[in-house]
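Below is one structure, written out as C-alpha cells, with a few remarks after it.
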Amino acid sequence: MKAKQIPGVPEQKKGGFHDTESQKDFNDSAIVFQKFAVLKKRFLAVHHWKEYCGEGFADFKLHDSSGNYVERIPEPGDFIRIDIPGPGNFEARGFDWVEIVEINEEFSDTETERLAVTCRPSKIPGNHKNHHTAHFYSSEATSTFIISRTGTSIKAAIYGRNESPNFNASFLDEIRNVSVALGGMMGISKIQWKRLSDGFLEF
C-alpha cells in the first residue's frame, strides 16, 4: 500500500505513514455550508480536540512560540503540546511537542473550501538549553490535518508521513520513543486519529 498523494501533504519518503479520513454527505449545499462552519470552529479550537475523541485519547494544548499556553486560532510558529495515554517524554515532563509549520486555506469557488494545518515534531518551545526533539517520532515526520467541503460533502482527515522513532533524545526517551513509535507505525495511532476525524463530524 502506498501513501496517497494529497495536495499540501509532504511526500512520503521513508518510515511509516497513515491516511485517516472521515466524510459526511448531504443533499443540501446550504446544510454543507452550515455544518462546515461548525467544523471549522472545532478544527481551530485545538484545546477542545479531546472533547471529540472521548476518554483514553490524547489531550492537546496550543502554545505560542515562547511556550505560553494560549486559547486562540493557531498560527504558523505556534506549538501544540500533546499528552498521550501512557508514558510521556521524560525530558518534556510527560508531554510530546509539535510545531505548526504551515497553515493553508483555499477557496476555489463558492462550492469548495479547504483548510490544512501541517505539524512537525519539535523541541520544547522556550527551552534554549535542551535541543532534543520532544516527541516519539523524529523531526522528519509530519502530521497534516485537513478539513474541506464540496457542494455535497464535508471531510476531516489526518495524514501522517515519514514516521520513524526519534533518537535525538535522552537514553530513557530513546527507549520510550521506539516503543511508542513502533506502536503508532503498526496502526495504533491511526485508530486514535480516526476517533478524532469522526468526532469532528459528529453534529
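The values are calculated or read from the model by the stated rules, or taken from the named source; none is laboratory data. Here the structure is a predicted model, which means the values were calculated and not measured. Here the Cβ positions follow ideal geometry from the backbone for every residue, glycine too, while neighbour counts run over all protein chains shown. The area values use the complete protein model at the heavy-atom level, side chains included, leaving out ligands, DNA and RNA. Shrake-Rupley method; radii C 1.70, N 1.55, O 1.52, S 1.80 Å.
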Q. Being of a type in the set (D, E, K, R) and over 30 Å from VAL178 (Cβ atoms), is that true of even one residue in the stretch 4-23?
A. no
**Q.** ILE147 in contact with a strand residue (DSSP E or B) (Cβ under 6 Å, 6 or more places away or on another chain), within 30 Å of ALA30 (Cα to Cα) and either of a type outside the set (S, T, N, Q) or open to solvent by less than 30 Å² (accessible area, probe 1.4 Å) (or both)
**A.** yes
Q) In the stretch 107-133, what count of residues is obtained for those that are free of Cβ contacts under 8 Å to residues at least 40 places away in the same chain and in a loop (DSSP other than H, G, I, E, B)? A) 7
Q. Do the conditions hold for THR112, that is, is it modelled with pLDDT of 75 or more, open to solvent by 20 Å² or more (accessible area, probe 1.4 Å) and either more than 15 Å from the chain's Cα centre (by Cα) or not hydroxyl-bearing (Ser, Thr, Tyr) (or both)?
A. yes
Q | Single residue of LYS14, LYS24, LYS40, LYS4 found to be assigned to a helix (DSSP H, G or I), open to solvent by 30 Å² or more (accessible area, probe 1.4 Å) and not β-branched (Val, Ile, Thr) | A | LYS40
Q. Out of LYS129, LYS61, which single residue is open to solvent by 30 Å² or more (accessible area, probe 1.4 Å) and closer than 24 Å to PHE167 by Cα?
A. LYS129
Q. Can you spot a residue in the stretch 77-90 that is assigned to a loop (DSSP other than H, G, I, E, B), at positive phi and either at pLDDT below 80 or open to solvent by 30 Å² or more (accessible area, probe 1.4 Å) (or both)?
A. yes
